[in-house]
Every structure is written in structure tokens, then in C-alpha cells.
Amino acid sequence: EAGVTQSPTHLIKTRGQQATLRCSPISGHTSVYWYQQALGLGLQFLLWYDEGEERNRGNFPPRFSGRQFPNYSSELNVNALELEDSALYLCASSRGIQETQYFGPGTRLLVL
Amino acid sequence: QQQVKQSPQSLIVQKGGISIINCAYENTAFDYFPWYQQFPGKGPALLIAIRPDVSEKKEGRFTISFNKSAKQFSLHIMDSQPGDSATYFCAARDKAAGNKLTFGGGTRVLVKP
């Protein structure tokens, strides 16, 4: 069974630009979660999508947004990039709202 | 607000020794407690998980001990191996708060050969 996949693996942007990160969940999983892992700050919950709907949102500004497509893949968009957005962005998926979340390898975003 | 406190931040153990990582929480609504292992450049991988109605769970060399009254849980890595060198994160889930995982700050474990 293939795991959670994320693309791209690395992304370099400049301040003010927009970044788009993509995630494909494990087959059969309908829930997708996004987390930010910034240096020294641990893993912070960003967004949760289930069945195409945004179900929960972490304490992040509105310029962090996303969506989930009918095939359950997901996209995270970060607008008006700031230097402190530099982090590893992790996507996880679960079978519905069950507890176990499986993580992908992440997208490392660097904002210059 | 750090809802899950993890200690120590780092740990050095000799090969064959026991690694112990502790986590404490405040939110009594947490209903699921997983541990994740993360190697450099990789995403976290689920190691072992426990629910609050169980006091201990063992999988191979990894054991979770859970103390509901003290609101604490810990990970024990028995017979630590150099391949166990990684960062370990405890986490907790509040299903009513939207299924998100709240993570501890992480513990970097180094197993010396």
C-alpha cells in the first residue's frame, strides 16, 4: 500500500509570493491534515479536510488556505509569503475521523 | 499554549540501554495518545499508540506507560540500538476539538554504539 505522498519535496520562494503544496492520501483515506514543522516550534496543526470540507483550522492567519478534491487529494496554499513561513509542511491522512494519522515526507518551503 | 509537555529535549543512551521519554498533558478530553518517530529529512512515522483506558501497551522493544490520574504518559525504548537514533514526538488527540493532534516539543535521542 502506497503511503502519503507530497509534492514538491522542496520549494524556494521569495517574500510576497504564493506557494502551493500538494498531498495525496493513502488509498481509502478520506481525511487529510496539514501541519507546519518550523525550526524550534515543533509540529503545529494547520488544517483538516474530510470529504471535501474544511473541518477544523489551527491558529494560523487566513493567508494559509487549502482545499480537498473529489479524489481526496489536497492542496495547501500560502499567500503573501513571509520569511517565518519557512518550514517543513507535513500532510497526514486517516481513514475517516479515526485516530491514526499517517504522515507524508513533507515539503520543505524556504522563503527568501 | 503548550498543551502537551515533553521531556527531556534530548537524550544520549548507550547501545543496549533504556531510553525513557515523558509527556504530560492538561486537557482531560484527550482520548488518544500516539508516539511518532522522525528521522532527519523524513516525515513522522507512527510508532505506537494508546488509549486512556489502558495503562500499558508494548510492541516489541517499545512500551507506552499511561497514568490517567497523573495525566502523564511515557515511552520506554528497551535495548536501544543506534538505528533508534531519531526525534520522538508524543501527541494527543481531542476528538471533540476536531481530530487534530497536539504534539509535544520532541525529544532527540542519540544511541551511542
Original post:
Are any residues in the range A:92-107 within 15 Å of B:Pro34 (Cβ to Cβ) and more than 7 Å from chain B (Cβ to nearest Cβ), and if so, which ones?
Top reply: A:Ala92, A:Ser93, A:Ser94, A:Arg95, A:Gln98
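Are any residues in the range A:12-30 more than 19 Å from B:Tyr36 (Cα to Cα) and within 13 Å of the chain's Cα centre (by Cα), and if so, which ones? Step through it out loud before you land on a result.
First, pick out the residues of the range A:12-30 that are more than 19 Å from B:Tyr36 (Cα to Cα): A:12-24, A:27-30.
Those that are more than 19 Å from B:Tyr36 (Cα to Cα) and within 13 Å of the chain's Cα centre (by Cα): A:Ala19, A:Thr20, A:Leu21, A:Arg22, A:Cys23, A:Ser24.
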**OP:** Would you please list the contacts, defined by Cβ atoms under 9 Å and residues six or more apart or on different chains, that run from a residue in the range A:17-46 that is more than 10 Å from chain B (Cβ to nearest Cβ) and on the phi > 0 side of the Ramachandran plot to a residue that is assigned to a strand (DSSP E or B) and modelled with pLDDT under 95?
**Re:** none
**OP:** Those residues that are surrounded by 18 or more Cβ atoms within 10 Å (Cβ to Cβ), within 14 Å of chain A (Cβ to nearest Cβ) and hydrophobic (A, V, I, L, M, F, W, C), I need them from the range B:73-113; list them, please.
**Re:** B:Ala86, B:Phe89, B:Cys90, B:Ala91, B:Ala92, B:Leu101, B:Phe103
Subject >> Test result for B:Pro40, farther than 27 Å from A:Tyr89 by Cα, over 13 Å from the mean Cα position of the chain (by Cα) and within 13 Å of chain A (Cβ to nearest Cβ) >> reply: no
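List the strands (runs of 3 or more DSSP E) that sit entirely inside the range A:31-112 and contain at least 3 residues that are more than 13 Å from the chain's Cα centre (by Cα) and not acidic (Asp, Glu).
By residue number, no strands (runs of 3 or more DSSP E) qualify.
The values are calculated or read from the model by the stated rules, or taken from the named source; none is laboratory data. Everything quoted here is computed from the prediction, not taken from an experiment. Here Cβ is always computed from backbone atoms with ideal geometry, including for glycine, and neighbour counts include all displayed protein chains.
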